[in-house]
């Protein structure tokens, strides 16, 4: 059996490696030629992913072959798509990358093949868009091929262990597709659950993200209230949380490819149907999280006012611009947004992040500044505001 | 040592019984004479409270003496207040019952006494209002008496086990008060935590309620979306929930004395300070939960339309009017609100609840109807809409 994995990014490559590790031959397709060459020579392009080095070294170029060319995957019996999905400026999903991947698969799709989508998508995407793209390109009808959905549940840095231990759900566009996808995944996922449909599996993944987003928003709101009334949020959280209470941590907002994106799939779907009131809480949470940068800008500026010099001469250092500590990722980073907002206000802001070089920071249009060079230092990960 | 417990309701009586069970003499003060007589004769006025029967039988009239008269508590060294706090029609707390309790204590308060509040209150209540009431009535100053806060964390039906096992926090208005309250509670609470202040302890209790309210609102919102797009919310929830995801259950809203009340303490406090945007999520969640009855009315009426007769002749049965299954409590019951709303719309609605008699239902201005007499039966606890 030979399986194709389309998209060798932070979610796709660990999956491809885990499949190879189960003894199944994998053709990994990724448009990035250099990345394919690295993988084929046993070099891991995502070194921060724990456990991935070993797997790429062992299987790269052997059981796991990477290629930018779809036709090299034409003998595969199963195609797993795990390419990113971004939002446009109106918060609607941009399907172009996914569409292109599925149309490319459609061109090489054969009778009896199985196609599985792993990318988090709005509910109904697999049933409608993906099925249509595949049918249009292949000339086959569903039933002649099989189609299912199984959301990736990885977390950058822990993807291998997540894949090997965390429950994974899979749902088919029809029953036979679900059964076939289940049989495939059973080879390399130990904790696998077959659910009633692809749409349900899509919904499951999104509501996990919504739970996180709303609860981070709640933590942010309670944090602001605690500061306002003068109690220590962290002490309160420590003793409020127990078996039935899971208050999250406050933040500068929520960044990355997942949590700030998924709620929009439901919000936009409801708004498209004219059901604005059906996604009111999700929208309020999303906006609250995005607006946290304004809260922190106020706090920082109030600290700057305490210096006996013009505001624009107080040296501000923003420590941490990645969306999360320990990753080199800027997608929807609210820490980066915070630094940019301070710069837009004409303040003297520099940034520091251990994952980035001064040159990389300057390419973002920002100044590099070591924390000990700042009059006011705001640590975005610890939410600590220190004054020299 | 002798301890007074002021308020022998669903929270106070279990507390008084547990204190007596630790060998400490308790004077329970409650204005309800008949209830005091019952307790003193060993009869439990709250039979649905598991384990309370035995304790009242054992200690009632002996180690636990109930009285409507505060002066009988004048030799106590500690006073624990656990009387209810309601909201007025503008969602502001009505302090009259609490004020009256503390002023009564103030009249008998002696140098060295300890006073502890257990009722859930807006943060700062103990520091400000309670201190002032006690000082005004007693002529003593804080330091001559001690004042602390320790939130009840009971749950009707499970109060005894909660008190004996669940972590309980206590915080003083000053350090000495905190220490003394800790020493007192240590006698009958095994899992006790001294936190930095009374205000923090007040905040802890409220944010637990906020977590619950917001997460029930989230469940309600996701449930509506699931119904709209045609997936099974319960199946999705089952597989979405894991160690890091705790999606709650949908409902007709949130009733009872606790969860629908506590968020208002923070919302109103922020609004009083002009910080409307600091409690936006809490308010959205509160409103969403309260408006769930409208959602269910729509669902029920759409079912009624399927019958081949005038809407007003379709027999609707609302099964369950208490705010929660298994309790005989109507405070802020959204199930009762749902039944009343249907009646206001001129529909033929009857209600059924195993905890109530037909006479009790009629006293509420509603008709009694057995489920098998209804054309359309809505079970408020199971959210099941059945049609004959």
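Here are the numbers for the structure shown:
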read-out	value
Check on residue A:44, surrounded by fewer than 18 Cβ atoms within 10 Å (Cβ to Cβ) and at pLDDT 95 or above	no
Boolean, residue B:188 is touching a residue at least 60 places away in the same chain (Cβ under 8 Å) and either in contact with a strand residue (DSSP E or B) (Cβ under 7 Å, 6 or more places away or on another chain) or at the interface with chain A (Cβ under 9 Å from one of its Cβ atoms) (or both)	no
Matching entry among B:382, B:362 (being at pLDDT 95 or above and not in a loop (DSSP other than H, G, I, E, B))	B:362
Failed item, numbered, when residue B:84 is tested on (1) closer than 22 Å to residue B:145 by Cβ; (2) not in a helix (DSSP H, G or I)	(1)
Residue within segment B:205-214 that is facing chain A (nearest Cβ under 7 Å), closer than 19 Å to residue B:127 by Cβ and either touching a strand residue (DSSP E or B) at 6+ places or on another chain (Cβ under 8 Å) or part of a helix (DSSP H, G or I) (or both) present	yes
Looking only at segment B:87-108, and only at residues there that are touching a residue at least 12 places away in the same chain (Cβ under 8 Å) and in a strand (DSSP E or B), the one that is surrounded by the fewest Cβ atoms within 10 Å (Cβ to Cβ)	B:87
From A:148, A:181, A:226, residue being within 9 Å of chain B (Cβ to nearest Cβ) and crowded, with 22+ Cβ neighbours inside 10 Å	A:226
Count - residues of segment A:157-178 that are without any contact (Cβ under 8 Å) to a residue 12 or more places away in the chain and either facing chain B (nearest Cβ under 8 Å) or closer than 19 Å to residue A:3 by Cα (or both)	0
Failed item in (1) crowded, with 21+ Cβ neighbours inside 10 Å; (2) within 27 Å of the chain's Cα centre (by Cα), with residue A:167 passing the rest	(1)
Selected residue [closer than 20 Å to residue B:188 by Cβ and either without any contact (Cβ under 8 Å) to a residue 12 or more places away in the chain or not assigned by TED's automatic domain parsing to the domain that holds residue B:114 (or both)] from B:21, B:53, B:75	B:53
Hey, residue B:23 within 27 Å of residue B:145 (Cβ to Cβ) and crowded, with 21+ Cβ neighbours inside 10 Å or not	no
The listed residue being in contact with a helix residue (DSSP H, G or I) (Cβ under 6 Å, 6 or more places away or on another chain) and more than 14 Å from chain B (Cβ to nearest Cβ), out of A:114, A:140	A:114
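The values are calculated or read from the model by the stated rules, or taken from the named source; none is laboratory data. Source: prediction; values computed, not measured. Reconstructed Cβ throughout: ideal geometry from the backbone, glycine too, with neighbour counts over all protein chains shown.
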